[in-house]
Structures are given as structure tokens and as C-alpha cells.
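Participant: Before I ask anything, here is the structure I am working with.
What follows draws every value from the coordinates through simple rules; no lab data is involved. Fair warning: this is a prediction, and the values are worked out from it, not measured in the lab. Positions of Cβ are backbone-derived with ideal geometry, glycine not excepted, and every protein chain shown enters the neighbour counts.
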Amino acid sequence: MSSSDNKTKVVKTTKTVKVAKTGDDQKRVKPTKSRYKGGLKPKGKERRLQSEFIFGKRSYMFMLLGFVLIVIGLVLMSGGRQPDPNTWEPDVIYSARRITLAPLVILIGFGVEIYAIFTRPR
């Protein structure tokens, strides 16, 4: 036998794969099956809408609410201009609104944003 006679040929068919040696031996091998068990892909309009928006309407509303709360907190924190540049009034800068209320409103806004990101659409 020559070296060309011992070459392995692979023939693909729709149901089985034949592994044929040019000699007397022939073996049949079934093709492997996919282990993917995912669901069906949505078709038509549902597929288009699913690819356009990552979050649901409810999540976007919570994101907007969180953004508004953050902006309100920043507005509450702003200000603190001294009435006279030659005098120092600590009550103007260190007021409870700027030190306590505004950071709490900002943290609540960030909490709402995190909730909006992690909620699942209905």
C-alpha cells in the first residue's frame, strides 16, 4: 500500500458523517448536537423594539426621577455667597441645607438610579 492509500477522507452528509479510509475499514460517526437550549428569538416588531431599548419604560422613569433628585441636591448645595467680602459668616456656608439636606438628596438620587438600572422590565 502506498502512503496515499492510508489518507482519511471526511464526507459530510445531512444525517451522518462518514469517515472513510481508503482501505477496507469504514466507520460511521453521528454529528454532535448543539447544547444550546435558548428560547426562540422574537420576530418582527418585538425584535426591533427589543434591540432598540435596553431598559423598560418604568426603568427610564426611575432614571429620570433619580437625575432630577441629583440636580435638586446640587441646586440645594449651591450658593453661600458672603454678603460682605470683608466679613466671614459661617452660618451662610455651613448651613444645615448645604451640609445635611443636599447630600442626602443626592444620595437618594443615586439610590434611585441604581434601583432603575437593576430592576427588570415588566
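Participant: According to a simple spin-label model (label point 7 Å from Cα along Cα-to-Cβ), what is the distance in nm between F110 and F67?
Facilitator: Modelled inter-label distance: 1.9 nm.
Participant: Could you calculate the FRET efficiency of F53 with R98 from 1/(1 + (r/R0)^6), where r is the beta carbon distance between them and R0 is 35 Å, rounded to 0.05?
Facilitator: Using R0 = 35 Å, I get an efficiency of 0.40.
Participant: Also, I was wondering about something else. For R97, R35, what ranking results if the residue with the fewest other Cβ atoms within 10 Å of its Cβ goes first?
Facilitator: Result, fewest neighbours first: R35, R97.
Participant: How much net charge surrounds V75 when only the other residues with a Cβ under 13 Å from the Cβ of V75 are counted, with Lys and Arg +1 and Asp and Glu -1?
Facilitator: Net of charged neighbours comes to +2.
Participant: Follow-up question, since we're still on this one. Order of 80-90, 66-76 by packing, highest average Cβ count within 10 Å first?
Facilitator: Details: 80-90: 8.3, 66-76: 15.6.
Descending packing order for the listed peptides: 66-76, 80-90.
Participant: Okay, moving on. Going toward the positive end of the dipole of region 51-118, with +1 on Lys and Arg Cβ and -1 on Asp and Glu Cβ, which of P83, G66, Y115 do you reach last?
Facilitator: Of P83, G66, Y115, it is Y115.
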